[in-house]
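These notes concern the structure reproduced below.
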Amino acid sequence: MTDNKRKDPIRILFISIEGNTRSFVHKLAEYAQEVCKQDKNARLIETVEVSDASGEILMKDPFVTFVPTYLSGGNGIHNGYTEIMTEELRFTLEDDDNYKFCYGVVGSGNKNFNAQYGLTAKHYASKFSFPLIDLYELRGTSVDVERIYTKLVTYQTEFEKKLKAFNGQ
Ligand SMILES: Cc1cc2nc3c(=O)[nH]c(=O)nc-3n(C[C@H](O)[C@H](O)[C@H](O)COP(=O)(O)O)c2cc1C
């Protein structure tokens, strides 16, 4: 990569049932655009939304996934672990081993759900062996946007380094 070429974007694969996650990742993309105006080394954001209507999605470059929490009943301690509504994202991660290029998950939910708050993201981290990067509530705040953008830059940069080393570059 030459010095004057912008770094690869942060790629986000997400699902949104009621629009909160969509709103948050779009705020992140707007924030990234502002940062990039000031800093030629900063990264833009590209998003891919999963829906029931999605055809096959191939993710063969480093990316992060965003998942809201929807669980069937229970309390997340003794029961209430079963994912509902967001399974299409899990299937997309499983398809074609897409998850192997995923360097982490950002979860969201509602703190009123107590122990179930953000639990689907924790389940994904455990199932796919990638880190839980962060959690935010509902549509998130501007503080969440700044914090999570900074973390994503760090995580993607580290993952790219590991991938290069793995590929002997
Ligand atoms: C039926 C239903 C079940 C939910 N279950 C949980 C839950 O178990 N844990 C949690 O943290 N949030 C839960 N939430 C809150 C959502 O995760 C939260 O509203 C999220 O921002 C939705 O994201 P979306 O609008 O992108 O779909 C639930 C919301 C609904 C409507």
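The values are calculated or read from the model by the stated rules, or taken from the named source; none is laboratory data. These numbers were taken from a predicted model, which means no experiment stands behind them. These accessible areas exclude ligands, DNA and RNA; they are computed on the full protein's heavy atoms, side chains included. Shrake-Rupley method; radii C 1.70, N 1.55, O 1.52, S 1.80 Å.
Miscellaneous remarks
- For the chain, carbon and sulfur atoms together expose 50% of the accessible surface, with a 1.4 angstrom probe and every protein chain in place.
- Using C-alpha pairs below 8 Å separated by at least 6 residues, the relative contact order for the stretch 10-166 is 25 percent.
- Solvent exposure ordering (accessible area, 1.4 Å, most first) of Ile12, Ile45: Ile45, Ile12
- In terms of accessible area, using a 1.4 Å probe and ignoring ligands and nucleic acids, His78, His123 rank largest first as His78, His123.
- Approximate shape of the stretch 10-166 as ellipsoid semi-axes (Cα gyration tensor, √5λ), whole Å, largest first: 25, 19, 14
- Compared with the dominant principal axis of the Cα atoms in the chain, helix 119-128 is inclined by about 60°.
- By accessible area with a 1.4 Å probe, ligands and nucleic acids excluded, highest first: order of Glu30, Glu49: Glu30, Glu49
- Report summary: the helix-based calculation at 222 nm, which adds -39500 (n - 2.57) for every DSSP H run with n ≥ 4 and divides by the residues of the chain, gives -12000 deg cm²/dmol.
- Straight-line cross-link partners of Lys151 among the aspartates and glutamates, defined as a Cα under 19 Å from its Cα and at least 8 positions apart when in the same chain: Asp8, Glu30, Glu34, Asp39, Glu46, Asp61, Asp134, Glu137, Glu160.
- Accessible area of Arg6 in the full protein assembly, 1.4 Å probe (Å², nearest 10): 80 Å²
- Nearest-10 value in Å² for the accessible area of Ser51, using the 1.4 Å probe: 50 Å²
- DSSP bridge analysis restricted to the stretch 10-166 gives an antiparallel fraction near 5%, rounded to the nearest 5.
- Of Lys5/Lys161; Lys111/Lys161; Lys40/Lys127; Lys100/Lys164; Lys60/Lys111, those spanning more than 25 Å from alpha-carbon to alpha-carbon: Lys111/Lys161; Lys40/Lys127; Lys60/Lys111
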